[in-house]
Each structure stands twice: as C-alpha cells, then as structure tokens.
Amino acid sequence: MTGAHAVHDPGNPPGEAKVRGTGPTRTDRRRARTRGALIAAARSILSDQGPADVSIQQITNRADVGFGSFYNHFGSKAELFEAAVADAMEEYGALLDERTAHLGDPAEVFAVGVRLTGRLADTHPQVARILLRTGPVSMRVGDAMPPRALCVIERGVAAGRFRVADPQVALAGVAGCLLGLLELRMSGAGADGRPGTTPAALPGTTPAALPAAYGVPGMAGVPGAVAMAQMAGAAGGFAAGPGAPDDLCEQMAELLLRMLGVAADEAAEVARRPLPDCCAAGLQAPVPA
C-alpha cells in the first residue's frame, strides 16, 4: 500500500496528526528550538568568557531551557562547545560564499575573503571573538572554513594564479595570519567592542598583553600574531586614525597574495579592488555582539 497517511504524534494536539513524509512535527520543531537555544548560549559564552568553569546549569539558564533538556541534545559540555564553534564557522563560511559567489578570479576571491575576515571585528564581533578564543581549533581541517579556503587556494594553483608547493602548508600559514589580523583589528576596538577606543586607553595593552585584555588567554602563542603587531608598530606600517583599520585588511590581503606567489604590483592592485556591492552594503549594518 502506498501514499502518505496520518500517524499520531504525542507532540501534536488532536486534529494535527503528522502526515508521514510531509515535514517535522511540533515535537521536532520544539527539539530544534531547544538545540538552537543551547548552541546560541554556548556561542555567547565562548564570545564573552570562554568555556572554562562554566556549568551546565549556567548554560541552560542562559539558553532559558530546562536543565534536563541538555542531555537530550549533547553528551557533554565539550560536545556542545564543539557544535557552537562549528556553527559560528559555518556562519562565517556561508558569509564568504555569498559575498564571493559571483567572482571568477581565485586571487580576488581570496583577497575579498581576507578583507572580510578582518572586518568581522565590526560586522560580526561574536564570530570574531570566537575565532580568537578558539584559535587554531576553529581552523582545523574538517570544520567549515578550512575546506573552503583550501579549495580557493587549489583553484588558484590550478588557474596559474598561485604558486605554492603544498596548498595544505599554505593554508596553515594563511590561518595563522588571519588570526593575527583579527587580533590587530580587535585591538583597535577597545575591550568593550566600541570602535575608536585605542589600546593606549586600556592599561597594559601592549601587543603581548592584548590577548589578556580581550580575555583570550594563549593568543600570544598564535604563530606570528604578536610578532606581526610589534614589527608593524616599529615600522609605522599600521597607522592610527581614520581609514587605518580597513587598510590593515588590504595590507594583509596583499601580503598573503604575495606569499601565494602573486607579483607585488598585481597583489597590491587585487587587494584594493572595490569590494562587491553586497559586501559594502553588509558593512553598513554591523551584527550585534
């Protein structure tokens, strides 16, 4: 016997029996909302303070769900926080996919991705803070971002735009530099996330102390992050003042394009092409932290 037929679901009120194959039940939707609330709470905690010393009760309180609901969805706090990082990275990756879908030049796709990553400090501050807190863990192969970035690098190599011996090694270098870029951009935003507050206004915010000021213990160990800040400051390469934060993103895009084998003059030009209209529009309305 074929065809859809109604089956009773205790999560549905009388008269709202689910028709098998036509979609989720009310119970399914409620479970999805609870899981989503737990992931959103975990993202907020990752952004605000990190996962250390956080109890399941604190998580469920922030999610506004019952304590017993937690284990219906996750076996441990570690599993929840891993899902929260994956969710943030998927949001980040989907943003880059959307903003670069119409671009044909792998070098420009790569440059736009670098520039938008640096601007996450303003447009998606929660994602930026999660990236900084989780560091290399968020960039590991198997999560949302590395396959996307590796694909762009491999496309560039296949098209003759990039010259690298091992795309995986290039990806590792790019990931470390992007974390360093985010650290620099966050350092120009102040501990409360408001643009325009300089590190000088925050006691102890030397390049080495910035990670602690932003509640990001261990970021000083990110390869090149602190050294890049120190060298840039010594050389006067990252000037303060209007326009400087955006130019950091262009400088990093140019630097990484050159690392991937693009000629210096061309790297400078590609890194400063106008951002796609959709990017410019999106940058006008920062996402709340």
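The values are calculated or read from the model by the stated rules, or taken from the named source; none is laboratory data. These numbers were taken from a predicted model, which means no experiment stands behind them. Glycine gets a Cβ as well: all are built from the backbone with ideal geometry, and neighbour counts include every protein chain shown.
Within segment 45-66, the only residue that satisfies the criterion of being outside any loop (DSSP other than H, G, I, E, B), surrounded by fewer than 18 Cβ atoms within 10 Å (Cβ to Cβ) and within 21 Å of the chain's Cα centre (by Cα) is 48. For residue 87, the criteria (1) modelled with pLDDT of 90 or more; (2) in the same structural domain as residue 127 (by TED's automatic domain parsing); (3) of a type outside the set (S, T, N, Q) hold in every case but one, which is (1). Counting only residues that are within 20 Å of residue 251 (Cβ to Cβ) and at pLDDT below 90, segment 145-170 holds 1 of them. Of the residues that make up segment 20-38, is at least one touching a strand residue (DSSP E or B) at 6+ places or on another chain (Cβ under 8 Å), farther than 30 Å from residue 131 by Cα and modelled with pLDDT under 75? Scanning segment 20-38, I find at least one residue that is touching a strand residue (DSSP E or B) at 6+ places or on another chain (Cβ under 8 Å), farther than 30 Å from residue 131 by Cα and modelled with pLDDT under 75, so the answer is yes.
Within segment 95-111, the set of residues being within 26 Å of residue 129 (Cα to Cα), surrounded by 15 or more Cβ atoms within 10 Å (Cβ to Cβ) and among the hydrophobic types (A, V, I, L, M, F, W, C) comprises 95, 96, 109, 110, 111.
Scanning segment 67-94 for residues that are assigned to a loop (DSSP other than H, G, I, E, B) and out of contact with any Lys or Arg (no Cβ under 7 Å at 6 or more places or on another chain), which turns out surrounded by the fewest Cβ atoms within 10 Å (Cβ to Cβ)? Among those that are assigned to a loop (DSSP other than H, G, I, E, B) and out of contact with any Lys or Arg (no Cβ under 7 Å at 6 or more places or on another chain), it is 75.
Within segment 235-270, the residues that satisfy the criterion of being modelled with pLDDT of 95 or more, surrounded by 14 or more Cβ atoms within 10 Å (Cβ to Cβ) and not in a helix (DSSP H, G or I) are 260, 261, 262. Of all residues in segment 96-111, how many are without any contact (Cβ under 8 Å) to a residue 12 or more places away in the chain and assigned to a helix (DSSP H, G or I)? Adding up the residues that qualify gives 0.
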